[in-house]
1. If I stretch the segment between Glu362 and Leu310 completely, what's the gain in nm (0.36 nm per residue apart, minus their alpha carbon distance), one decimal?
2. So, in nm, how far is label Asn382 from label Asp575 when the simple model puts each one 7 Å beyond its Cα toward the Cβ?
3. Subtract the Cα-Cα distance of Glu25 and Val83 from 0.36 nm times their separation in residues, and report this length gain in nm to one decimal.
4. Rounded to the nearest 0.05, what FRET efficiency is calculated for Leu435 and Phe140 with R0 set to 30 Å and r the Cβ-Cβ distance?
5. Just check the range 374-450 against the gyration tensor rule for me: Cα atoms, a ≥ b ≥ c as the square roots of the eigenvalues, rounded for a/c under 1.5, and otherwise prolate or oblate depending on whether a/b exceeds b/c.
6. Strictly over 22 Å apart at the Cα level, which of Lys475/Lys518; Lys131/Lys403; Lys357/Lys475; Lys366/Lys403 would you flag in this model?
7. Give the calculated FRET efficiency between Thr550 and Ile108 to the nearest 0.05, with a Förster radius of 51 Å applied to their Cβ-Cβ distance.
8. Quick one: Karplus J couplings for the range 471-488, per residue in order, coefficients 6.51, -1.76, 1.60, θ = phi - 60°, nearest Hz, x for Gly and Pro?
Amino acid sequence: MSDAVQNAPVGRLRRLLTGLGAFLEVLRLVSPMQRFIVVGGLFLSSILELCGMGMIIPLLATASGAREAKGVSLGVEKLFAAVGLPFAAYAILIVVVVGLTLKAVVGILIMKHVTNLVGRISRDFQIRLTKSILEARWGFFISQPLGRLVHATGSEAAAIGECFAIVTTIIAASLTSLLFLTLAALLSWQLLVLIIFITIMMFGSFGRLVKNAREEGKAHRSRMNTHAAQFTDAMIGFKQIRAMGRTDRFALLFERQARMMAKSLKSRVMSGEYAAELQEPVIGILLAFGFFFALHKMALSPTAIMIMSLLLVRTLAVLGPIQRNLTRFYQAFDGYKSLSGLLEQIESHAEETLGTKQPHFERAIKLEGITFGYGQQPVLRNLDLFIPSGKITAISGPSGIGKSTIVDLIVALHQPQSGRVMIDDDELMTLDVRLWRRSVGYVPQEITLFHDTIFNNVALWEEGITADEVEKALKAAGAWDFVTARPDGIMTVVGERGNFLSGGQRQRISIARAILHKPRLLILDEATTGLDPATEAQICERIRDLCRETGLTVMAVSHQPKWREVADLVYRIQDGQARLVSSPQDIAAISEQLAPQELQRA
């Protein structure tokens, strides 16, 4: 006998244990009490169905005098006598109606409870995943495809709730089948053997189809993740794609992906449908042989055949959908495992925030001996930098020289490989980083406005922000005039990524967003790059006025000459180090307000 044949039973047992483990893993998504309520309710529903449908057997047996069901009839008669009911046809019919009605009521209540749990499970996973993404290390976050994360928080999170719903359906069918098998054993051991034989043949015949459906589900999910990632990236850069006439190329790419997804979806659906549709003829053939055996070998009466047929068909009617639900479960379970794996990966890269000190920024930010690089190539080498409070400090230098890296270090998105970042007299990593970031306003080069109102783009949907606060921020950013010129004012919808506004208007709204909470430090990372000189001059002058009026500290990362005109200190990043390039007059003016040793170190 070959190894493959010998290992086949072992493989089936392993798959069975794996499937049971998957069921238990999904059930553990809810509390023990919730599991007890669901399983107990489903068992009660099955008992009531048995009371309803099972009473038909003694009814037929009593009417025909079939000896094969005499034992069941006597048992029911004793039960009726114990509760004071007459063993008559009308009483049995009443029990049938009441049993089926109660079964329907209990089933509806349990399914309502299950649907609430399904929504809660999906919601909790979405919230957990969202929080994990927001708290992940910055280096890990930027390495993840955006579309993959979007797909995970949507359809894959929904698949987890679907998993739980399917498991409860399978449990309900299994409990009902078990009770009907018990009743079959009381009627005839031959009938029990026949039902078990048909069940084994049915599940054994379509096991391969279930496995194929699971494999196709994995392939479809993988293609969905790839498509979501690429499509999201394309939509983010769609303006450039369209302006350069590249839409046809992307249309072909996504058309090819759509065809591949359609093919995998077809295989996924058909694998499940084959199992469902082929069940009926297979069951029919097995039933025909079973009835032939019962009539000619077991010498049963027509009434007994009718009773057994009713029980056999009802049992198989409950067992049949389990096959399809198993296919659906494994497909949904793969989505659950995919999301769980992603969630574990993200949580393992959570940002470490060990500091607990309250941040106080009154004098200066100092970068002392900072070395940092990506991979093996250092970007900053033993860099020293001094940013005085209440002043404008400009950081200049060519693209890719490390200017934005300095910003990332100051807001603790990255940690230096050597050296330290000081906020007054405290090292940054000893501070509560979240509180420190709340005292920072940040305006990036690539402005991100949402397809929403100006109000929400400034307030970022934060509760408690009033229209007066948004108005003050817009005025401070020099945006109030063009906002009030629009019919809907601050409730104007800015379009996708703010495309209903000009570049300068988008920049001013972004500045208003950054200064809404009155930050101590405002960081402008190439914020005016790409604007026309007049607009850039207006924004620079407005920032200078804000600095003088409020004592705001400004760090402007830019190679634009206008910032060198309004800045109090100007650094140029070169060869991984910061060189002070302010004019002698600028240095003399600011030196009166700085400790001599601090300026010398800068």
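1. Going from the current span to full extension adds 10.2 nm.
2. Between Asn382 and Asp575, the label points sit 1.1 nm apart.
3. Extra length from Glu25 to Val83 when fully extended: 16.7 nm.
4. Once the sixth-power term is evaluated, E becomes 0.85.
5. rounded
6. Beyond 22 Å between Cα atoms: Lys131/Lys403; Lys357/Lys475.
7. 0.25
8. Per-residue couplings from phi come out as 4, 4, 5, 5, 5, 5, 8, x, 10, 5, 4, 6, 5, 5, 6, 8, x, 9 Hz.
Here, each number is a calculation from the coordinates, and none is a lab measurement. Being a predicted model, the structure only gives us computed values, none of them experimental. Cβ atoms come from the backbone with ideal geometry, glycine included; neighbour counts cover every protein chain shown.
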